[in-house]
Amino acid sequence: MVFNAHLNLILKSLPFLLKGMVVTLELTFAFLSIGLVVGIFLALGQVYGRRSISLLISAFERIFRAIPALVLLFLFYFGAAQFGFNLSAFAASCLALGLRSAAYQSQIFRGAIQSIDIGQIMAARAIGMTQFKAAIYIVLPQALRLSIAPWSNEYAVVLKDTSLCYAIGVTEMMRQGRYIVARTFGNALLIYVVVAILYFILVIIGTRLLNLLERKFRIPGYEAKEKGEMVERML
Amino acid sequence: MMDNVILKVENLYKNYGELEVLKGISFEVKKGEAKVIIGPSGTGKSTLLRCINRLTNPDSGRIWLDGKEITASDVKINQIRSSIGMVFQDFNLFTHLKVIDNVRIGPMKVKGIPKREATELAIDELKKVGLENKVDSYPAELSGGQQQRVSIARALAMKPKLILFDEPTSALDPELIGEVLTVMIDLAKNGMTMLVVSHEMGFARSVASKIIFLEHGVIVEEGPPERIFNKPKCKRTAEFLHKITDLYGDTKHENDS
Ligand SMILES: Nc1ncnc2c1ncn2[C@@H]1O[C@H](COP(=O)(O)OP(=O)(O)OP(=O)(O)O)[C@@H](O)[C@H]1O
Ligand SMILES: [Mg+2]
């Protein structure tokens, strides 16, 4: 009986939770996209830019990595409102957590860019490529490929952090769960377990897909040598 | 007067901080000529090659390519580089690109040649190095010797006036050196102008017009291989040649037979 009641509650709640999930995915997509585009530019600016530019970028990075996500959200939502910028909760979230992700992603890309063998860059310059062309055709394609694995970690972090947007009133999955708990008087455990499972599924599916992407872009013959897998296979 | 001189280097100096690497280097390379540079490690051979295509900027001295001064301040350096090939010790192929793309990316992205034309050009160059059947492989799928041949094709595809080789065989296993040298000898015989840093005396004997012995940033002596091998003017040259024949073996027999 109790079991049936629980099942019923879950079935009734699911449409609301799934509606929330759509918003969660929208937030995730927005944060990651902003982070990706801004992050790549920050990384390029830091590696290739003048000293002043690269210092400015490091400052930006440090600030956004040092401040808790929730504080950033409040700053961009309530704080900005005081200056007369009335951002929607969704827009404020995008600025706060999108830029935060940019700070983290730029580190991923910078590391990848700097790991590209200087010899290849010299070879590109030697055939007459400008620094810009060498970056676009030689460095970035390799750096982006190397970034997929750490990026899939960033995906999981960003996805989970969207739940914080609940605090400034975005009706994402967490807030939908909270509504249901409030409406049905104290089914907290049950509902939050379902919410937890839904986050878990999203993380698993996303990282799997990124894994496939990484495989697709794997360079034949290269990874095996790189990671010493050849040796492992022989042992 | 200078019309058949492709490369002229005059009084080149280069320091790295306190370290004086090149101390007044002057020489010429004529059209169709292959010159070989030898010299002990750390002597400035790579630095000299990098100064010639301005991957490193010399402190002073002048360089002319085909009569045009490339050390002048108003020179378009990327255009100059596109007409000087460079082959590196460790190949430096673009690991994310197939063989065909490694070779055609220069013509396409630097010279703006359309893809179809660039592809034909690349395949022609790959034929010259005997790798037309490897167009779709990635560098990591090739042996060192094959990779170095691709990198020679990459240089050739730019139709350079001169190719610089920086110890092109010293990263190779002994059994792979031959295939690269064969390609280089072919190039030299077909009239390519080459400046080669290499201690492969077999190559020097068969195609070099002159050998330059560089030590501590100065040219100790320059002369035709026969004379450098048989009656070097300087004691240091003789000593050094002894050392490298010990190290690399004397390839004289292979080439005489
Ligand atoms: N970018 C650099 N910064 C500082 N010092 C350098 C740099 N490049 C080369 N050197 C130094 O200049 C000297 C000449 O180096 P170079 O690579 O030209 O010698 P090399 O004759 O090619 O030697 P090898 O036979 O080992 O390749 C060396 O002492 C080297 O340490
Ligand atoms: Mg060297």
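The values are calculated or read from the model by the stated rules, or taken from the named source; none is laboratory data. Every value quoted in this text rests on a predicted model; they were computed, and no experiment measured them. Virtual Cβ from ideal backbone geometry, glycine too; neighbours counted across all protein chains shown. Calculation scope for accessible area: heavy atoms of the full protein, side chains included, ligands and nucleic acids excluded. Shrake-Rupley method; radii C 1.70, N 1.55, O 1.52, S 1.80 Å.
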> Between chains B and A, what is the buried accessible area in Å², counting both sides, with a 1.4 Å probe and ligands, DNA and RNA left out, to the nearest 100?
Replying inline: 2100 Å²
> Roughly what percent of Cα-Cα pairs across segment B:147-237 reach past 19 Å?
Replying inline: 43 percent
> Summing +1 for each Lys or Arg and -1 for each Asp or Glu, what net charge is found among the other residues whose Cβ lies under 10 Å from the Cβ of B:D59?
Replying inline: 0
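Give me the 1.4 Å probe accessible area per residue for chain A, excluding ligands and nucleic acids, in Å².
Working: 12810 Å² over 235 residues.
Counting only protein heavy atoms, the per-residue value for chain A is 54 Å².
Within the set of other residues whose C-beta is less than 13 Å from the C-beta of B:V220, count the net charge using Lys and Arg as +1 and Asp and Glu as -1.
Values: positive: B:K23, B:K45, B:K233, B:K235, B:R236; negative: B:E215, B:E221, B:E222, B:E239.
Net of charged neighbours comes to +1.
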> R0 = 56 Å: FRET efficiency of A:L209 with B:Y16, Cβ-based, nearest 0.05?
Replying inline: 0.70
>> Viscosity 1.002 mPa s, temperature 20 °C: what is the translational diffusion coefficient of the protein assembly as shown from Stokes-Einstein with a Kirkwood Rh over Cα pairs, rounded to a whole number of µm²/s?
In response: 80 µm²/s
> Across peptide B:90-99, what mean number of C-beta atoms from other chains lies inside 10 Å of a residue's C-beta?
Replying inline: 6
> Can you tell which of A:F29, A:S115, A:A149 lies farthest toward the positive end of the dipole of segment A:8-150, using +1 and -1 charges on the Cβ of basic and acidic side chains (Lys, Arg; Asp, Glu)?
Replying inline: A:S115
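Stick to the Cα atoms of segment B:26-75, pair each with every other, and give me the Kirkwood hydrodynamic radius in Å at one decimal.
Working: mean 1/r = 0.0815 Å⁻¹.
Across segment B:26-75, the inverse of the average 1/r is 12.3 Å.
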> If you take the beta carbon distance between A:L25 and B:E132 as r and set R0 to 41 Å, what does 1/(1 + (r/R0)^6) give as a FRET efficiency, to the nearest 0.05?
Replying inline: 0.25
> Accessible area of A:F78, 1.4 Å probe, to the nearest 10 Å²?
Replying inline: 100 Å²
>> What does the charge count around A:Y192 come to, taking other residues whose C-beta lies under 15 Å from its C-beta (Lys +1, Arg +1, Asp -1, Glu -1)?
In response: +3
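Let me know the volume per residue of the alpha-carbon convex hull for segment A:103-157, in Å³.
Convex hull of Cα atoms, per residue: 64 Å³.
Taking the convex hull of the alpha carbon atoms in segment A:137-205, what volume per residue do you get, in Å³? The partial results should precede the final answer.
Details: hull volume 6.7 nm³, N = 69.
Looking at segment A:137-205, the number lands at 97 Å³ per residue.
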> Roughly how many Å² of A:H6 are accessible to a 1.4 Å probe, to the nearest 10?
Replying inline: 80 Å²
>> Can you compute the modelled spin-label distance between B:K161 and A:V193, with each label point 7 Å from Cα toward Cβ, in nm?
In response: 8.0 nm
> Helix A:140-161: angle to the longest alpha-carbon principal axis of chain A, degrees 0 to 90, nearest 10?
Replying inline: 20 degrees
> List the aspartates and glutamates whose alpha-carbon lies under 14 Å from that of B:K30, not counting same-chain residues fewer than 8 positions away?
Replying inline: B:D3, B:D66
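Counting only protein heavy atoms and a 1.4 Å probe, tell me what percentage of chain B's accessible area is made up of carbon and sulfur.
Working: 5280 of 11350 Å².
Exposed carbon and sulfur together represent 47 percent of the surface.
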> If you place +1 on the Cβ of every Lys and Arg and -1 on the Cβ of every Asp and Glu, how big does the dipole about the Cα centre of the protein assembly as shown come out, in debye to the nearest 20?
Replying inline: 1400 debye
> What fraction of the Cα pairs in chain B, stated in percent, has a spacing above 28 angstrom?
Replying inline: 33 percent
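Longer than 30 Å from Cα to Cα, which of B:K45/B:K159; B:K23/B:K233; B:K14/B:K35; A:K19/A:K216 are they? Say none if no pair is.
Working: B:K45/B:K159 24 Å; B:K23/B:K233 20 Å; B:K14/B:K35 21 Å; A:K19/A:K216 32 Å.
Listed pairs above 30 Å: A:K19/A:K216.
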>> Step by step: find N for segment A:2-234, compute 2.2 N^0.38 Å, then divide the Cα radius of gyration by it. What's the final number?
In response: 1.25
> Relative to the Cα centre, what is the charge dipole magnitude of chain B, using +1 at the beta carbon of each Lys and Arg, -1 at the beta carbon of each Asp and Glu, and rounding to the nearest 20 debye?
Replying inline: 760 debye
> To the nearest 10 square angstrom, how much accessible area does B:M201 have with a 1.4 angstrom probe?
Replying inline: 10 Å²
>> Could you derive backbone 3J(HN,Hα) for segment B:24-41 from the dihedral phi with the Karplus parameters 6.51, -1.76 and 1.60 (θ = phi - 60°), listing whole Hz in sequence and x where the residue is Gly or Pro?
In response: x, 9, 9, 6, 10, 10, 8, 4, x, 9, 10, 10, 10, 10, 10, x, x, 4
> Toward the positive end of the charge dipole of segment A:1-98, about the Cα centre and with charges on Cβ (Lys, Arg +1; Asp, Glu -1), which of A:S52, A:A92, A:A66 goes farthest?
Replying inline: A:S52
> Assigning unit charges at the beta carbon (Lys, Arg +1; Asp, Glu -1) and nothing else, what dipole magnitude in debye, to the nearest 20, does segment B:60-100 show about its Cα centre?
Replying inline: 100 debye
